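Colleague: Below you'll find the structure I mean.
The values are calculated or read from the model by the stated rules, or taken from the named source; none is laboratory data. Keep in mind that this is a model prediction, so the values were computed, not measured. Reconstructed Cβ throughout: ideal geometry from the backbone, glycine too, with neighbour counts over all protein chains shown. The protein model used for the area step is the full one, side chains on, heavy atoms only, and it has no ligands, DNA or RNA in it. Shrake-Rupley method; radii C 1.70, N 1.55, O 1.52, S 1.80 Å.
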Amino acid sequence: YGYQELRPPMVEYVDLFIHGVGATTDIVTKEMFNITPRGDDPDARRMAMRPEFTAGLVRAWLENGLYNNPQPTKIFAYGPAFRYENVQKGRFRGFHQLDVEVFGAQDPAVDAEVIKLGLDVVARLGLTGLVVSVNSIGCPQCRPRYRQALQDHFRPHLGELCEDCNTRFEKNPLRLLDCKRDADHPAQRTAPVTLDYLCDDCRRHWEGLLSHLAAMGIPYQIDTRIVRGLDYYTKTVFEVLHPKLGAQSALWGGGRYDGLIEIVGGKPTPGVGFGMGMERVLMVLEEEGLTAPFADRPRLDVFVATLGEAARPVGLKLLYALRDAGLSADIDYLGRSLKAQMKYAGKQNSRYVVILGEDEVRQGEASVKHMDEGTQARVPLDQIIEHLRRAEA
Ligand SMILES: [Zn+2]
Ligand SMILES: [Zn+2]
């Protein structure tokens, strides 16, 4: 797909998230870990642990002048993010995200590309049966009319809706659509849908997205209740659901944010991307009885086992030579018996064990044991690396 890794810092100024994520979002109002500045620093600005990646990636893109490169910029980032949450299954205060972003392209084919990319990532882990839910939430041209329609619709029911909905009613009425506490309220189900209010530009983009998804063979459903929790989304919003997580809870989600880069201080530049929570992916893998390929400890090429004091320096010298030759090699550091060293080598899943006993050292040789086949051969010390290479070829 041609994406390059960018590693933004874990800490940013709070202002970036207030502007770049949205002052009324749950992330900023309830979930951010703020860092108290040092009291003796008169220039201290409030900072926060990153609750998500997009805002920091936009800032880094702007500060480093990456917009001067040929566009679009296709980047990914991976690492920890932090949110003040009630810890529960699949939800942690410190979690890991795979984040994928494209800056500088408006084409709905890019929206379809990032959706497909995410599906490809989890398909490599063996996860299938995912459902992509898509919606378009319009743009600054068409959204005011929709907001008005939403407010007209919900106003008579405000007394029956939760506190959060009442707060959001003026500032961010779209969020009334995905309030989980009021999910069963009839007003939520009969609310006007964004798709009926799209301007011509948004409608063309939406139809383009659907045709690209169809061309890629991606099964999708239209869910007009998806608005995403962040203020910066425009046009495409999507969530990827897994049957094991239920309809209320997405495995990951994302969307288009054509206004964000300007909000953070750049020229108007479109963008689209997603953030995938790794702990959730792992949880679903586990429930499906799948293990992530990266969970397997890599095999050790050679374990050097020594017996007796004379063999120890010879073993260490061989260990260093093996590592210099590019083989992964290890040795015992706890004074284990030969039998215990062999057992330890087995636990490390070593391909070979090179055994140096008193007799071997006296003759300038070692016994090389092939652990999978159980075969063993005496090899002159200066030919061991060559012997192992030949055996593996
Ligand atoms: Zn529009
Ligand atoms: Zn509510």
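Colleague: Out of everything in segment 352-393 that is basic (Lys, Arg) and farther than 20 Å from Leu307 by Cα, what residue ends up being least open to solvent (accessible area, probe 1.4 Å)?
Modeller: Arg389
Colleague: From the list Pro186, Pro144, exactly one residue is free of Cβ contacts under 8 Å to residues at least 12 places away in the same chain, at negative phi, within 16 Å of ligand 2 (Cβ to nearest atom) and exposed (fewer than 13 other Cβ atoms within 10 Å of the Cβ). Which is it?
Modeller: Only one candidate passes the filter, namely Pro186.
Colleague: Looking at segment 51-73, can you tell me whether even one residue there is among the aromatic types (Phe, Trp, Tyr) and either in a strand (DSSP E or B) or without any contact (Cβ under 8 Å) to a residue 24 or more places away in the chain (or both)?
Modeller: Looking for residues that are among the aromatic types (Phe, Trp, Tyr) and either in a strand (DSSP E or B) or without any contact (Cβ under 8 Å) to a residue 24 or more places away in the chain (or both), one finds none in segment 51-73, hence no.
Colleague: Return yes or no: is Ala366 in a strand (DSSP E or B) and at pLDDT 95 or above?
Modeller: Yes.
Colleague: Determine which member of the set Leu117, Leu125, Leu174 is hydrophobic (A, V, I, L, M, F, W, C), over 24 Å from Gly259 (Cα atoms) and either touching a helix residue (DSSP H, G or I) at 6+ places or on another chain (Cβ under 8 Å) or away from ligand 2 (no atom under 16 Å from the Cβ) (or both).
Modeller: Criteria check complete, one pass: Leu125.
Colleague: For Val227, which of the numbered conditions (1) at pLDDT below 95; (2) among the hydrophobic types (A, V, I, L, M, F, W, C); (3) more than 16 Å from ligand 2 (Cβ to nearest atom) fails to hold?
Modeller: (3)
Colleague: I'd like the full set of residues that are at pLDDT below 90 and either surrounded by 16 or more Cβ atoms within 10 Å (Cβ to Cβ) or not in a strand (DSSP E or B) (or both), limited to segment 77-91.
Modeller: Selection gives Glu85, Asn86, Val87, Lys89, Gly90.
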